[in-house]
Every structure is written in C-alpha cells, then in structure tokens.
Amino acid sequence: MKKRTKLEVIRDLLSILRENKKVKITHLIYKANLSNNSIKPYLEDLSKNKLIEQIKESDKRLFIITEKGHDFLNEFNKIKIFSESYGLG
Amino acid sequence: MGMPFKLSLGQFYGIDSIVEFFIIIVSLIISYYSHKIYKVIKENNYQFFSWAFLSIAVAFLFKIISNLTILHTIKIEKANFIITFLYEYEWIDILNFISFIMYKVLFIAGFLFLFLIITKTKKKEGILLFVYFSLITILFSVYFNFIFHLTLVIIMSYLVMHFYMNYKTLKTRNSFFVFFAFLVILISEFSFVFIGLHPLFYLLGEVLLLVAFITLLLNQIKLQSQKRK
C-alpha cells in the first residue's frame, strides 16, 4: 500500500471531522489509521493554523473542524493538483 | 572620455522589461500559492518552493533595473550631457553592476532551490557544494556571460527530466503544462548561451521565456478553476 503524503493525511483527518462533527482522539486515530504518536504533530499543526479546534465536553477531549478547515477541505483538490503538477509532496 | 563599462543582458532597451514584468507577476502568484499551502501543512518543500519562485521574481526585478540603467545611459548620450551628468554616470554604473549581479545570484538561487527540492538533497555538504559552484559560476559569468546560461542549461536539464518523469507517471494535463514550461525555459537558456553571436538569440530566449511563463500561468488558472470537492 502506498504511503500517504502529509497532505493526504490532513485531508483524511479533516474529512473525518467534517463527517462526524465532534470526534474523540481515539476515534480519530482509528479512523485515520494513525498511531497515538504520529497523530499528535498533525493535531498540533491543525490547531495552530485554526483548521480544527479542541473542546471539552463532560471531561472528554473532543475535536471539531473550523470554518477555515472546511475551506481548506474544499480547496484540497486544487492544492493536490498544484502539488502533483510540480512533483511536490 | 570612453564609454562606461556596462553590464547587462538586456539588448532591447527596456522593451524586454515588459516580458520580465509578466514573469515577476506569474512567479509571485506561484510563490504565494505555495506559501499558502506551507502555512497550513508546514512541509518544508512548499516553503522552499515558494522561496524559489520568489527568488526568480526578485531576480527579474533586478534584471528590469539593469535593463533600464542602459536606457538611462543612452538618453544621456543622445542629449550630449555626458560632462554635466558625470556624477550621475558613476552611481548609475554601480546600480547597473549591482542589479546585474543580483539578477544572476537570485536567478541561479531560484532554480538551484527547485533542483534541491526535487532531488531531495538534504545533506549540508551537498547543498554547500552546489552553492559554491553557483557562486563560482556567477563570478566567472561577470566577464563570460555564456557560463551563467550554460550552468542554467545543466540545472534546467535535471528539472526537465524530473518534470518529464512526473508527467509520465501522472499523465495529467497540469503535469504536462509544467513539463512543457520547463522544457521551453531550458531551450531559452540554451538560446541565451549564444547571445554574444547575435542579438536575435536574446530575442528568441526572451520570447521563449514568455511562452514558458504563460504556460505556468495557464497551469495555475486551470487548477484554480477546478471544481470544489
């Protein structure tokens, strides 16, 4: 199986959040097929760039997609074509 | 009093600056788009790619300055004010020299960046070696302009090979656009090697550069017009 690029992992994480509204980290790990360690830098970067948000609900740590995250997901196709056309990523 | 020593690649007295201005705009668009992606996914490739095109844009800005300083000299000569504007001659010569060198440094740096990104050269020794040879090239090319363009032909050949392999794998219209554009830049640089023989080689090179950057702009427009997912 071909290894996913960083761009594709981000797309997968955001798609899961778009489909599921509020998601626990364990669910994200399972759905995105990532390990506990490998998901952390992604979530940190996405939070820092305000593509996702972390909320607390009855002591549970949940993740939601932001408006900016929705925009990025909509733009993903263009970004992928740009990246592929120059052989980046 | 003899003619001042003029360093410039421009031979069409500023008209070619219109082509260069267009190249600056296209390079800035590509650089900005790549930077936008970097800001989100924090992958260095996109940052370096953005710097590469930014470097090319600034290089052409210096080329415009370099071309316009020749235009300025000609105006003075025609007005026969050489003695009156003697002081002005000096600073404009310095400006001409600096812009000429900066154009070469940034132009080579831009394509060297692209080369390092696509060959995934990450070892410091490798990068330093490339930088060293590029600086040597620039120093030599002050007097032997063809060395500068010959070096670019070599760098560009690697880039074209990479973009051809990329197109062969993906078989998409966008990857073809990029391959085609870099192939045309390669031919234009090859044409620039022969500038010393006839000014027509310069004109041909400029026209080819324009075609290449129009293709890169078309690629950008095509991907922007993609339907949202």
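The values are calculated or read from the model by the stated rules, or taken from the named source; none is laboratory data. Bear in mind that the values here come from a model prediction, so they are computed numbers and not experimental data. Neighbour counts run over all protein chains shown; Cβ positions are idealised from the backbone, glycine included.
Structure notes:
- Being within 28 Å of residue B:35 (Cβ to Cβ) and within 14 Å of chain B (Cβ to nearest Cβ) is a description that applies to residue A:82.
- Of the numbered criteria (1) touching a residue at least 12 places away in the same chain (Cβ under 8 Å); (2) away from chain A (no Cβ under 14 Å), the one residue B:200 fails is (1).
- Some residue of segment B:169-187 being under 25 Å from residue B:98 (Cα atoms) and aliphatic (A, V, I, L, M): yes
- In segment A:1-10, the residue that is modelled with the lowest pLDDT out of those that are charged (D, E, K, R) and not in a loop (DSSP other than H, G, I, E, B) is A:6.
- Residue in segment B:156-165 that is crowded, with 16+ Cβ neighbours inside 10 Å, closer than 22 Å to residue B:20 by Cβ and either modelled with pLDDT under 85 or more than 14 Å from every other protein chain (Cβ to nearest Cβ) (or both) present: yes
- Odd one out for residue A:3 among (1) surrounded by fewer than 17 Cβ atoms within 10 Å (Cβ to Cβ); (2) within 11 Å of chain B (Cβ to nearest Cβ); (3) within 25 Å of residue B:176 (Cα to Cα); (4) not polar (S, T, N, Q): (2)
- Among (1) in contact with a strand residue (DSSP E or B) (Cβ under 8 Å, 6 or more places away or on another chain); (2) of a type in the set (Val, Ile, Thr); (3) within 7 Å of chain B (Cβ to nearest Cβ), the one test that residue A:65 misses: (3)
- Residue in segment B:134-148 that is within 17 Å of residue B:55 (Cβ to Cβ) and touching a residue at least 40 places away in the same chain (Cβ under 8 Å) present: yes
- Residues of segment A:11-61 that are of a type in the set (Ser, Thr, Tyr), free of Cβ contacts under 8 Å to residues at least 40 places away in the same chain and assigned to a helix (DSSP H, G or I): A:26, A:30, A:38, A:42, A:47.
- Checked against (1) in contact (Cβ under 8 Å) with a residue 24 or more places away in the chain; (2) away from every other protein chain (no Cβ under 14 Å), residue B:220 passes all but condition (2).
- Tallying residues that are in contact with a helix residue (DSSP H, G or I) (Cβ under 9 Å, 6 or more places away or on another chain) and surrounded by fewer than 17 Cβ atoms within 10 Å (Cβ to Cβ) within segment A:69-86 yields 2.
- Within segment B:172-197, the set of residues being within 24 Å of residue B:140 (Cα to Cα) and more than 14 Å from every other protein chain (Cβ to nearest Cβ) comprises B:186, B:187, B:188, B:189, B:190, B:191, B:192, B:193, B:194, B:195, B:196, B:197.
One line per residue, one yes/no per condition, for (1) among the basic types (Lys, Arg); (2) within 14 Å of chain B (Cβ to nearest Cβ); (3) more than 9 Å from the chain's Cα centre (by Cα); (4) within 30 Å of residue B:166 (Cβ to Cβ):
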site	(1), (2), (3), (4)
A:11	yes, yes, no, yes
A:14	no, yes, no, yes
A:30	no, no, yes, no
A:37	no, no, yes, no
A:44	no, yes, yes, no
A:55	no, no, yes, no
A:74	no, yes, yes, yes
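- Selection count where residues are free of Cβ contacts under 8 Å to residues at least 24 places away in the same chain and either in a strand (DSSP E or B) or among the acidic types (Asp, Glu) (or both), scope segment A:62-74: 2
- Any hit, segment B:130-149, residues being within 25 Å of residue B:220 (Cβ to Cβ), modelled with pLDDT under 90 and buried (at least 19 other Cβ atoms within 10 Å of the Cβ): no
- Scope segment B:173-229; condition outside any helix (DSSP H, G or I) and exposed (fewer than 15 other Cβ atoms within 10 Å of the Cβ); matching residues: B:196, B:197, B:198, B:225, B:227, B:228, B:229
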